Amino acid sequence: MARNSVEWEEKPNFPSTHYVDTGIYTDEKIFREEQEKVFNKVWIIACHESELPNAFDYRTFSHPGGAPLFVVRGEDMKVRTFYNICPHRGNTLLYDPVGNAKRITCIFHAWSFNAKGDCIEISREKQGYQERFSCDKAGLREVKTGIGYGGFVWVNVDDDSCSLSEYVGDAMGLLDEHLSEPMEVFHYHKAVVNTNYKLWHDTNSEFYHDYMHYFNRITGMIQPGYFDRKYTGFPNGHASVGSMAIKYDAYEGSKKRGVGWPGLAPGGWVLIDMFPGMTYNLRTSVLRMDTAIPLGPNKLLIEFRGLGLKSDTPEQRAERVRDHNQIWGPFGRNLHEDLLGVHGQGLAMQERSGSKWVIHGREENMTIHDEGGMRHFYAEWSKLMGRKAHAPYADEAAAVA
Amino acid sequence: MKSRQSIEDLIYKSCLVLDDKNFGGYLELCDTAFHYAITAYSPEIRKEMIWLEHDREGMKSLFANLPKHNSDHSPLSRHATVYLVEEQDEGRKAKVTSALQVFKTSLDGGATELFAVAKMIDMVQLTPEGPKLLDRNIRLETRMFGIGYHIPF
């Protein structure tokens, strides 16, 4: 039966852990808080180590907390990360997304820095600053950096954060044995979508939406083992999804798949969602990595990477590229559908659009159509934000009362 | 070149039939050995990338499966300009270089936006029955496509 305006706004008849207020997707104030309390506190993947193979190679990264960063490999081959901001007049230091710079020189007034973040030259230093200021006070702002879990470069802008291994904990257990060989990025693209970053991470955290994907229905949902896949939640908001045997040849026009992935059973598929917006997605012969970079409450930049093995022959690489593109490329069958889905949520969930609740109420013993993965995410989100996802304004309302 | 007009007609017709979602009409323009690819260079990872690649049968399957997928139904409009037609293989083939702009028009309201800029590099088989597409490489400049698209350019 259709509902009237009062009924539409009534709290869903579920435990408070099983639904959220759509204000958490649309509110500018909550988004700013998320940048500070979530993104500026946790470890985030900036790039992959294969993007910086040589000494002095750098890669820029727009941190979701707001800071423009660059990652650079030093002469000592150690990877470090810095704000991409000149300490003099706040200009951008490195403009290109990648490059090689033994000496990083600001184009504005020619202050120079090395790959350890030290200021090594201030142009006409003595004439302008005499003894009052010098290079030793003009170093770059360094950001904590760690490499791991498949060779990804992780950064954390909070100097007081826990270590990367403490942050990840046991969440990568299902993938550990599959990520031991050196990998290489072969696909990269960005997409900007008018939606909230959590809705994208939700899409990566629930499989009930396989109803949207013809490819997944035909190769997965109607195949044995699909409903046995299980979610496991881990501390810090991470979650993993167990594997099954996908029957790829059930999709018309599929090519034979032979390359596979070390340690992954044929047709296997393991997915790990890392809080708050990164997803390891290993299936067929490809590891896909999504990195969500929110630009606003209803604007999201997603970086998509496809990875193969560094040791690939040209033939093996070609098959990985083909496997990747069939479902995950910008013209792939699944990615467009996933993005269309969250685009639609972004259209419907805007301030004053009348949207009110999102339900995460499915309970199926944490198997594939259970919505426990999302509930696990929002429990962590609520903890870090100090706001309940189902009642984000409860404390403010109480204060007014 | 005697057949330049017919080659240009082939290129333009290939755009028109795809705009009309006349996929059978598109395949009729293709040689049985047709190869299609969408490629781009990524300055971010400093690598050549292939984003879609199919033979004629693969394109046929892709088109046949379209109704089974959920897609953005905003129509595309492909605007090509043939820049160069270069005879190859002693006149049996021609390499055609065209500029391609793809526009997307929303169904609700009809707002049009530039969706993609690319070069279209074609190899055309010149047969007594007329020219056929043997190889098409959509060489993208644009690499951000928002929610993406299911139908090739």
**Message:** Just to check your reading of the model, which residue among B:Ala80, B:Ala64, B:Ala40 is over 15 Å from B:Ile138 (Cα atoms) and of a type in the set (A, V, I, L, M, F, W, C)?
**Reply:** B:Ala64
**Asked** If only one of A:Gly332, A:Gly373 is under 22 Å from the mean Cα position of the chain (by Cα), away from chain B (no Cβ under 14 Å) and crowded, with 16+ Cβ neighbours inside 10 Å, which one is it?
**Response** A:Gly373
**Item:** Qualifying residue in the range A:98-121 (condition: closer than 30 Å to A:His201 by Cα and either away from chain B (no Cβ under 14 Å) or in contact with a Lys or Arg (Cβ under 7 Å, 6 or more places away or on another chain) (or both))
**Value:** yes
**Prompt:** Restricting attention to the range A:234-259, which residues are closer than 28 Å to A:Trp381 by Cβ and either of a type outside the set (Gly, Ala, Ser) or within 14 Å of chain B (Cβ to nearest Cβ) (or both)?
**Reply:** A:Phe234, A:Pro235, A:Asn236, A:His238, A:Val241
**Prompt:** Is at least one residue of the range B:83-100 within 21 Å of A:Arg333 (Cβ to Cβ) and either within 18 Å of the chain's Cα centre (by Cα) or within 8 Å of another protein chain (Cβ to nearest Cβ) (or both)?
**Reply:** no
**Message:** Among (1) more than 14 Å from chain B (Cβ to nearest Cβ); (2) farther than 22 Å from A:Asp370 by Cβ, there is one condition A:Trp269 misses while meeting the rest; what is its number?
**Reply:** (2)
**Request:** With respect to A:Thr195, determine if the residue is surrounded by 22 or more Cβ atoms within 10 Å (Cβ to Cβ), at pLDDT 95 or above and within 14 Å of another protein chain (Cβ to nearest Cβ).
**Result:** yes
**Asked** Within the range A:71-113, which residues are among the small types (Gly, Ala, Ser) and either assigned to a strand (DSSP E or B) or buried (at least 19 other Cβ atoms within 10 Å of the Cβ) (or both)?
**Response** A:Gly99, A:Ser112
**Request:** List every residue pair whose Cβ atoms lie under 6 Å apart, where the two residues are 6 or more positions apart in sequence or sit on different chains, the first residue falls within the range B:126-153 and is more than 9 Å from chain A (Cβ to nearest Cβ), and the second residue, located anywhere, is crowded, with 18+ Cβ neighbours inside 10 Å and assigned to a loop (DSSP other than H, G, I, E, B).
**Result:** B:Leu133/B:Leu29; B:Ile138/B:Phe153
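Across the range B:41-61, which residue is farthest from B:Leu29 (Cα to Cα) among those that are facing chain A (nearest Cβ under 7 Å) and in contact with a Gly (Cβ under 8 Å, 6 or more places away or on another chain)?
B:Trp51
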**Asked** Which one of these is among the aliphatic types (A, V, I, L, M), at pLDDT 95 or above and farther than 23 Å from A:Leu164 by Cβ: A:Ala101, A:Ala115?
**Response** A:Ala101
**Asked** Do we have any residue at all in the range A:249-263 that's of a type in the set (S, T, N, Q) and in a loop (DSSP other than H, G, I, E, B)?
**Response** yes
**Asked** Among the residues of the range A:1-59, how many are free of Cβ contacts under 8 Å to residues at least 12 places away in the same chain and not in a loop (DSSP other than H, G, I, E, B)?
**Response** 5
**Message:** Among the residues in the range A:309-321, are any under 20 Å from the mean Cα position of the chain (by Cα), crowded, with 23+ Cβ neighbours inside 10 Å and more than 8 Å from chain B (Cβ to nearest Cβ)?
**Reply:** no
**Filter result for B:Asn65 (touching a Leu at 6+ places or on another chain (Cβ under 7 Å), surrounded by 13 or more Cβ atoms within 10 Å (Cβ to Cβ) and within 14 Å of another protein chain (Cβ to nearest Cβ))** = no
**Fill in**
Counted residues in the range A:14-40 being over 15 Å from A:Arg387 (Cβ atoms) and either out of contact with any helix residue (DSSP H, G or I) (no Cβ under 7 Å at 6 or more places or on another chain) or acidic (Asp, Glu) (or both) come to 4
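The values are calculated or read from the model by the stated rules, or taken from the named source; none is laboratory data. Since this is a predicted model, take the numbers as computed values, not measurements. A quick note on method: Cβ atoms are made from the backbone with ideal geometry, for glycine too, and the neighbour counts reach across all protein chains shown.
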